[in-house]
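Accompanying notes for the structure given below.
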Amino acid sequence: MAFDALEIAIQLAAALREPLAELRRHDRDLADQARRAAGSVALNVAEAARREGRDRHHLWRVAAGSAAEVRAALALGEAWGYLGAAALAAPRALLDRELAMLWRLTHRRS
């Protein structure tokens, strides 16, 4: 499952390319923070895949926190009128999928 989580994280980064470029035109700091958070999702999932035990669960939790940060940045961009709902449909669907996988990874019984 960790490999699937990484693939979705990479797809999320690709889906964020245009929305974050638009967000950057209006709010450079928010766009940069969202980009770093999206990168954190993929990088922490990749690192967790090579770890064991509690360290692995910690990295998956960090990835989930970063995904939640991306979600909040998109919501702010939409609330402030910088991003339209249609442009956010695909990234939001991937965020939901990523967060569901990360929830299962952090809540399964070992």
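The values are calculated or read from the model by the stated rules, or taken from the named source; none is laboratory data. Remember, predicted model here, so these are calculated numbers, not experimental data. Cβ placement follows ideal geometry from the backbone for every residue including glycine, while neighbour counts extend to all protein chains displayed.
Annotations
- Among the residues making up the range 61-76, those that are surrounded by 24 or more Cβ atoms within 10 Å (Cβ to Cβ) and either farther than 13 Å from residue 92 by Cα or basic (Lys, Arg) (or both) are 63, 66.
- Check on residue 104, among the basic types (Lys, Arg) and in contact (Cβ under 8 Å) with a residue 40 or more places away in the chain: yes
- Unmet requirement for residue 105, which otherwise passes all of (1) modelled with pLDDT of 95 or more; (2) at negative phi; (3) not hydroxyl-bearing (Ser, Thr, Tyr): (1)
- Tally, over the range 77-96, of residues that are surrounded by fewer than 16 Cβ atoms within 10 Å (Cβ to Cβ) and in contact (Cβ under 8 Å) with a residue 24 or more places away in the chain: 1
Let's see how each residue does on (1) touching a Lys or Arg at 6+ places or on another chain (Cβ under 9 Å); (2) surrounded by 13 or more Cβ atoms within 10 Å (Cβ to Cβ); (3) small (Gly, Ala, Ser); (4) over 19 Å from residue 78 (Cα atoms):
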residue	(1), (2), (3), (4)
10	no, yes, no, yes
18	no, yes, no, no
22	no, yes, no, no
27	no, yes, no, no
39	no, yes, yes, yes
